[in-house]
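Notes for the one structure printed next.
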Amino acid sequence: MAKTKNVKPAENISSEQELKSSLDFTRSRSDQFAVIITEAFGSITFLLVCVIFFTCWIIGNLGFFSVKPFDPFPFPVLDMIVSIFAIILSVSVLINQNRQGRIDKIKQQVEFEVNVRAENEITKILTMLHEIHLHLGLGTKKDQELEEMKTTTDIKLIHKALDEQESGNTLAPDNE
């Protein structure tokens, strides 16, 4: 994947260093293999090939074409092949689910980071707008809501609260 390049103001460099995720999701060889397997096994073409193969196998082994069956009814060799194939498909589904989980986690982190940046920008704009308002000498009453909106969001406090909530959820018994 191509790297995404962002132009960053000098004052954001320290906050950039605190960011945990990256827009650059590089895939390992196992990820590339999982994508290939998923794309191959998850297609209608693959389904049709399987149906044709199994149909030919069954018809060929029922003795309709005066050919000696190599896997007579109840088709034990076909059963073994299908069982092994089912194991391979199940494992490939699990691998793909793990990969998708990692991708979803990265997407959530990026979304959170974008929201934090937007929050910081909005806070800065509100502060500047309030300063302009004061500079122009416009009468202002004490607005508690505005003062709360102008305070910077403490990301470390949010992370700490989330960590505590997660650890509380894993330790709490399940009452379902």
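The values are calculated or read from the model by the stated rules, or taken from the named source; none is laboratory data. Because the structure is a prediction, the values reported are computed rather than measured. Virtual Cβ from ideal backbone geometry, glycine too; neighbours counted across all protein chains shown.
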Residue match in the stretch 41-49 (condition: modelled with pLDDT of 80 or more, surrounded by 10 or more Cβ atoms within 10 Å (Cβ to Cβ) and not in a helix (DSSP H, G or I)): yes
Flag if residue 25 is at pLDDT 50 or above and either in contact with a Leu (Cβ under 6 Å, 6 or more places away or on another chain) or under 23 Å from residue 115 (Cα atoms) (or both): yes
Among the candidates 30, 43, 66, residue that is within 29 Å of residue 105 (Cα to Cα) and free of Cβ contacts under 8 Å to residues at least 40 places away in the same chain: 43
Looking only at the stretch 50-81, and only at residues there that are among the aliphatic types (A, V, I, L, M) and more than 46 Å from the chain's Cα centre (by Cα), the one that is modelled with the lowest pLDDT: 67
Only one of 67, 82, 110 that is surrounded by 12 or more Cβ atoms within 10 Å (Cβ to Cβ) and either within 28 Å of residue 52 (Cα to Cα) or in contact with a Gly (Cβ under 9 Å, 6 or more places away or on another chain) (or both): 82
Unmet criterion (only one of (1) more than 30 Å from residue 32 (Cβ to Cβ); (2) in contact with an Asp or Glu (Cβ under 6 Å, 6 or more places away or on another chain)) for residue 79: (2)
